[in-house]
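S.K.: Following this message is one structure expressed as structure tokens.
Just so you know, all these numbers are worked out from the coordinates, no wet-lab data involved. Every value quoted in this text rests on a predicted model; they were computed, and no experiment measured them. Heads up, the Cβs are rebuilt from the backbone with ideal geometry, glycines too, and the neighbour counts pull from every protein chain shown.
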Amino acid sequence: MQDTRQPLVVANFGAPLGVAIAAGLMCGAIWMGDPTTPGGPLPVCPTKALLGIDCPGCGSLRMLYSLLHGDVFAAARYNLVGLVSVCFLLWAFGAWTYGRVVDRRITSWQHHRWAAAAALVVMSVWFVIRNVPIAPFTALRV
């Protein structure tokens, strides 16, 4: 009798492998582009360029660049909420990948009813706090 689970596991692992390859290519582009150097090939935040304010994602490229170089403190300085979000995304990716490999749905944080609302509240508060023009909030600008 043949083992029919092996091809299923390989087929189920294709999507996570594709996501990992795409993320790896993006990390490679960020590594090569060096967003910490002004005038580089990576784009400037359109919100910052047009409105002069920091959006919730401002500093994310520099945060990822610092994280790729092992400088967690600089990454937190560029975008603390983005750094925490990367941890949550890695957790979700790990649960999704494991679920695909074992061929069953694994419930993670993003499957809870409150997850989207909590993410929206955190991003909205971060957007407001990092644009308050009073110390100590001015230290959150990048």
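S.K.: Starting at the first residue of the range 112-123, write each ³J(HN,Hα) from the Karplus equation 6.51 cos²θ - 1.76 cosθ + 1.60 with θ = phi - 60°, in whole Hz, x for Gly and Pro.
M.R.: Here the 3J(HN,Hα) series is 6, 4, 8, 4, 5, 5, 5, 5, 5, 5, 4, 5 Hz.
S.K.: Still on this structure: Relative contact order for the chain: what is it in percent, counting Cα pairs under 8 Å that are at least 6 residues apart? Intermediate values should be presented prior to the final figure.
M.R.: On the way: 115 pairs, mean separation 32.7, N = 142.
Taking the mean separation of contacting Cα pairs over the length of the chain, I get 23 percent.
S.K.: K48 to L80: FRET efficiency via 1/(1 + (r/R0)^6), r the Cβ-Cβ distance, R0 22 Å, to the nearest 0.05? Don't jump to the answer; show the numbers that get you there.
M.R.: Values: r = 17 Å, r/R0 = 0.78.
So, using R0 = 22 Å, E works out to roughly 0.80.
S.K.: Now a separate question. Based on the Kirkwood radius over alpha-carbon pairs, what value in µm²/s does the Stokes-Einstein equation return for the translational diffusion coefficient of the chain at 37 °C and 0.692 mPa s? Write out the running numbers ahead of the final one.
M.R.: Working: Rh = 17.5 Å.
The diffusion coefficient I find is 188 µm²/s.
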